[in-house]
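Below is one structure, written out as structure tokens; comments come after it.
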Amino acid sequence: MMHQGRFFVPKTAKIAFNRCRLLRRYPGTVYITLINPTEKEKYIMKKLTSLLLTGVLALGLLAGCSTSTGGDTGTPQSSSAQPSASSSLEGTTITVAASPTPHAMILEVAKEVLAEQGITLKIMEFTDYIVPNTATEEGEVDANYFQHITYLNNFNEEQGTHLVSVAEIHYEPFGIYAGTTASLADLPDGAQIGVPNDPTNEGRALLLLQQEGLITLKDGVSLTPTKLDIEENPHNYDIVEMDAAQLPRSLGSLNLAVINGNYALQADLNAADALAVEAADGEAAQAYVNVLAVKEGRENDPAIQALVAALQSDEVKAFMEETWPGAVVPMF
């Protein structure tokens with residue numbers, strides 16, 4: 001209210017915009033009611049700096065002339081905010097952790113789709129399999145896209161994290177690639193075969209070696225067998241456990257290596273040149289489909305759902321099929 005040429009500010013005040021007939025409230029701060037529109041505007045402009053410094057002014061204060069008929073909570077949007085279904089996502093930023101290839105490249109296509117909606121996609125690239133999940137768990141990023149569902153489930157179990165898949169995006173067939181030995185038929189006794197050293201991908205590699213008749217695993221093994229589950233190894237192959245990212249660079253010192261699809265792509269290894277690959281229509285495709293993951297509770301976040309739609313768009317599907325035929329298989 002106005003009193004003797006000065007503004008009296010009650011404990012709770014209110015900022016009203018007559019021209020828009022829209023009331024904006026800022027919980028936990030003062031709010032001011034002004035009778036004269038001209039004086040109101042002068043007051044807001046004069047107090048703008050101090051309001052920003054004290055945190056009273058929320059995002060959207062100067063957007064009071066919107067023609068929208070919907071309600072407004074006055075809550076600013078950020079990468080961690082969850083806009084209501086009725087509100088626009090324009091101006092929202094989504095941050096995603098991803099492996100460089102193919103995940104970050106796929107996200108670049110989705111980024112263009114989201115940009116048409118006024119949504120900014122920030123892509124953070126990582127080359128390991130740990131940090132993207134911990135960053136998602138701790139809220140440092142909104143989502144991650146780098147892993148298959150079996151790895152995600154195993155990570156949650158071992159690390160006590162609370163990550164969930166919100167969409168199946170693609171499948172990368174594992175492949176056996178030649179090192180110092182050019183073919184499986186020429187593999188000598190005692191040959192060194194490199195495999196990933198993380199539980200789920202090592203198990204996947206061992207299953208592929210069994211598929212090709214190089215070893216035999218114990219009956220009833222799960223999707224994550226280890227070297228201890230090898231029942232028969234008649235040629236005494238030396239199974240060398242290594243960080244998955246190092247395998248392509250180690251081909252010169254190994255007879256063979258079983259390599260993740262993304263690391264094979266980064267090393268310019270063509271899936272067509274692999275000595276053996278998983279069948280894209282087999283059990284492996286379902287067990288090892290690459291997913292978009294978020295922290296539990298954010299599955300229905302409108303921004304996350306917009307990201308899912310972009311990743312499962314026709315543009316992304318065409319990009320996968322044209323860029324990596326047979327090596328990156330869309331699963332939508």
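The values are calculated or read from the model by the stated rules, or taken from the named source; none is laboratory data. Predicted model, so just to flag it, every value in this text is computed and none were measured. Because the Cβ atoms are built from the backbone with ideal geometry, glycine has one as well, and the counts that use them run over all protein chains shown.
Checked against the criterion of being of a type in the set (A, V, I, L, M, F, W, C) and without any contact (Cβ under 8 Å) to a residue 40 or more places away in the chain, the candidates ALA167, ALA178, ALA205, ALA185 yield just one match: ALA185.
Does at least one position in the stretch 159-167 carry a residue that is in contact with a Leu (Cβ under 6 Å, 6 or more places away or on another chain) and more than 30 Å from GLU108 (Cα to Cα)? Checked against the condition, which is being in contact with a Leu (Cβ under 6 Å, 6 or more places away or on another chain) and more than 30 Å from GLU108 (Cα to Cα), the stretch 159-167 yields no hits at all.
Does at least one position in the stretch 296-317 carry a residue that is assigned to a strand (DSSP E or B) and either at pLDDT 95 or above or farther than 28 Å from LYS122 by Cα (or both)? Looking through the stretch 296-317, none of the residues is assigned to a strand (DSSP E or B) and either at pLDDT 95 or above or farther than 28 Å from LYS122 by Cα (or both).
Say whether the condition of being in contact with a Pro (Cβ under 8 Å, 6 or more places away or on another chain), closer than 25 Å to GLN266 by Cα and either surrounded by 21 or more Cβ atoms within 10 Å (Cβ to Cβ) or among the aromatic types (Phe, Trp, Tyr) (or both) is met by at least one residue in the stretch 163-170. Among the residues of the stretch 163-170, at least one is in contact with a Pro (Cβ under 8 Å, 6 or more places away or on another chain), closer than 25 Å to GLN266 by Cα and either surrounded by 21 or more Cβ atoms within 10 Å (Cβ to Cβ) or among the aromatic types (Phe, Trp, Tyr) (or both), which makes the answer yes. For THR226, the stated conditions do not hold, so it cannot be described as within 19 Å of ALA271 (Cα to Cα) and of a type in the set (Ser, Thr, Tyr).
Can you report the number of residues in the stretch 190-203 which are under 15 Å from LEU254 (Cβ atoms) and part of a loop (DSSP other than H, G, I, E, B)? The number of residues fulfilling the criteria is 3. Looking only at the stretch 173-189, which residues are touching a Gly at 6+ places or on another chain (Cβ under 8 Å) and either among the hydroxyl-bearing types (Ser, Thr, Tyr) or at pLDDT below 95 (or both)? Within the stretch 173-189, PRO173, PHE174, THR180 meet the criteria.
Scanning the stretch 179-191 turns up no residue that is closer than 19 Å to ASN270 by Cβ and surrounded by 22 or more Cβ atoms within 10 Å (Cβ to Cβ). Of all residues in the stretch 274-295, exactly one satisfies the criterion of being modelled with pLDDT of 95 or more and of a type in the set (D, E, K, R), namely LYS295. Looking only at residues in the stretch 288-305 that are crowded, with 20+ Cβ neighbours inside 10 Å and among the small types (Gly, Ala, Ser), the one that is nearest to PRO199 (Cα to Cα) is ALA293. Scanning the stretch 254-293 for residues that are more than 24 Å from the chain's Cα centre (by Cα) and of a type outside the set (A, V, I, L, M, F, W, C) turns up ASN255, ASN270, ASP273, GLU278, ASP281, GLY282. Of all residues in the stretch 168-205, those being more than 30 Å from ALA143 (Cα to Cα) and under 34 Å from the mean Cα position of the chain (by Cα) number 6. Checked against (1) assigned to a helix (DSSP H, G or I); (2) under 30 Å from THR92 (Cα atoms), LEU206 passes all but a single condition, namely (2).
Elements of the type helices (runs of 4 or more DSSP H) sitting completely within the stretch 82-160 and holding at least 1 residues that are of a type in the set (Ser, Thr, Tyr) and surrounded by 15 or more Cβ atoms within 10 Å (Cβ to Cβ): these cover 131-137, 149-159.
Residues in the stretch 112-128 that are closer than 21 Å to PRO302 by Cβ and in contact (Cβ under 8 Å) with a residue 60 or more places away in the chain: GLU112, VAL113, LEU114, GLN117, ILE119, LEU121.
Here ASN236 meets each of (1) more than 30 Å from PHE332 (Cβ to Cβ); (2) touching a residue at least 60 places away in the same chain (Cβ under 8 Å); (3) touching a Gly at 6+ places or on another chain (Cβ under 7 Å) with one exception, condition (2).
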